[in-house]
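Here the structure is laid out as structure tokens; the discussion comes afterwards.
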2 protein chains.
Amino acid sequence: MAKFITLEGIEGVGKTSNLNFIQQLLSDAGHDCVVTREPGGTALGESLRSLLLAHSDTQMSADAELMLMFAARAEHLNKVILPALARGQDVLCDRFTEATYAYQGGGRGLDLAKIGQLEHWVQGALRPDLTLILDAPVEVGRARAGRRSTPDRIETEQDAFFERVRAAYQQLAQQQPERICLIDAVPPLEAVQSSIEQSLRKYNILD
Amino acid sequence: MAKFITLEGIEGVGKTSNLNFIQQLLSDAGHDCVVTREPGGTALGESLRSLLLAHSDTQMSADAELMLMFAARAEHLNKVILPALARGQDVLCDRFTEATYAYQGGGRGLDLAKIGQLEHWVQGALRPDLTLILDAPVEVGRARAGRRSTPDRIETEQDAFFERVRAAYQQLAQQQPERICLIDAVPPLEAVQSSIEQSLRKYNILD
């Protein structure tokens, strides 16, 4: 049966490298896999991603940000994720609703019940089969991400913001261990990838 | 005390002419008035308006459309409407939440309870002091609007859609007569304007 896997974490924890690694593992195991991302993944979603990450609007209200995220998600689910799962393809998504709990809930302090209500409306009972959260201290992520390109609107937040995001991610993993797995992203890449592969087997994504 | 007035109606009922007329009445009465519109009214809102009305995405999911509307509204309230009212200025807005009930609720058939929940989250207890709904049969509106420019994504809907929108508007006026007033927009402009002026007095917008 087609699996829905999401990869989460703050900036600099190695999401992109590990997304490619997971895709390769799924492919090697004979899975047909669609790789996508949030916010984005559709024409509308990518337009919203640009609006959400643009520097031109640093004072966007937190409510507006939350609703744009779920608007993009509704579109993404209806046009990409659900059709792929229905065709029997795995879906591997760079960030999903757990990022909303972490960034808008933990980071911005928005009411988690409000996020939960939107999650219920937009997704119904659908949840990822496995959410992998790459976890590392904020300073480690920042040091790694700092070597890259110019930070976007959300990446320019202060360390305290990302500490709250990280704590929210850790809490999600504690609360829903049956489908959310925290991966220590501090060790060298090979060790992280070994942890990821073990998780994919433990959660029955790979046989 | 500053008043919040919204003007509603399907295409072709004369919103623009009457918006200008109301603005003039308020100005003549010595009111300082901010005129704005939805979706739009802020940089983010105008970007979302473009996305919402663009023809490129005719299959946008109804949930996505609903959340984009309220995202734009949250921004509009926080950046334009509430600050203006706080400064003592009247706000005259071309469409507001009643349009969401009419178009997304009536037109698209979305759950009215969902709209009500979003209204509560984004607006709290804030409602317009007066909502004027310009009412005319769909064929009258279409005939008048037809003389204008190319229709946008929503304007290209079929007559049955606009019949549902009109019915939803009429129902809102029936349900909340204390702040929503239906204006017959079929008579000549002077007669419609006379009705509008009477309403503004009846609802204590003008002395």
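The values are calculated or read from the model by the stated rules, or taken from the named source; none is laboratory data. Everything quoted here is computed from the prediction, not taken from an experiment. Note that each Cβ is placed from the backbone with ideal geometry, even for glycine, and that neighbours are counted across all protein chains shown. With ligands, DNA and RNA removed, areas are computed over all heavy atoms of the protein, side chains included. Shrake-Rupley method; radii C 1.70, N 1.55, O 1.52, S 1.80 Å.
Counting only heavy atoms of the protein chains and using a 1.4 Å probe, A:GLU75 has close to 0 Å² of accessible surface. Nearest 500 deg cm²/dmol is fine: what mean residue ellipticity at 222 nm does the protein assembly as shown get from its DSSP H runs of n ≥ 4 alone, each adding -39,500 (n - 2.57), divided by its residue count? Only helices count here, giving -14500 deg cm²/dmol. Lysine pairs in the protein assembly as shown whose alpha-carbon atoms fall under 24 angstrom of each other, counting only those eight or more residues apart or on distinct chains, come to 13. Ranking B:THR6, A:THR16 by solvent-accessible area of protein heavy atoms (1.4 Å probe, all protein chains present), from largest to smallest, gives A:THR16, B:THR6. The 1.4 Å probe gives accessible areas that order A:LYS79, B:LYS202, B:LYS114, largest first, as B:LYS202, A:LYS79, B:LYS114. When all protein chains stay in place and ligands, DNA and RNA are ignored, the 1.4 Å accessible-area order of B:HIS120, B:HIS31, largest first, is B:HIS120, B:HIS31. Going 7 Å from the Cα of B:ASN204 in the Cα-to-Cβ direction, what parts of segment B:2-25 have a backbone nitrogen less than 19 Å from that spot? Under cut-off, by backbone N: B:2-6. Antiparallel beta bridges, as assigned by DSSP with both residues in chain A, represent about 0 percent of the total such bridges. For segment A:4-202, a simple Cβ point-charge model (Lys and Arg +1, Asp and Glu -1, everything else neutral) yields a dipole of about 140 debye relative to the Cα centre.
Tally Lys and Arg at +1 and Asp and Glu at -1 over the other residues with C-beta under 15 Å from the C-beta of A:GLN174: what net charge comes out? That works out to -3.
Dipole size of the protein assembly as shown about its Cα centre, with +1 on Lys/Arg Cβ and -1 on Asp/Glu Cβ: approximately 60 debye, rounded to the nearest 20. A:TYR101 contributes about 40 Å² of solvent-accessible surface, heavy atoms of the protein only, 1.4 Å probe.
Within chain B, the selection of entire DSSP H helices by a Cα span of 15 Å or greater along the long axis and an average Kyte-Doolittle value of at least -0.5 returns B:15-28, B:43-53, B:62-76, B:112-123, B:189-202.
Close amide H partners of B:LEU134, meaning residues 5 or more places away or on another chain with modelled amide H under 5 Å apart, are B:GLU8, B:GLY9, B:ILE183. Taking the protein heavy atoms of the protein assembly as shown in the context of the full set of protein chains, the accessible area attributed to carbon and sulfur is 49 percent at 1.4 Å. By a 1.4 Å probe calculation restricted to protein chains, A:PHE21 has an accessible surface near 40 Å², given to the nearest 10.
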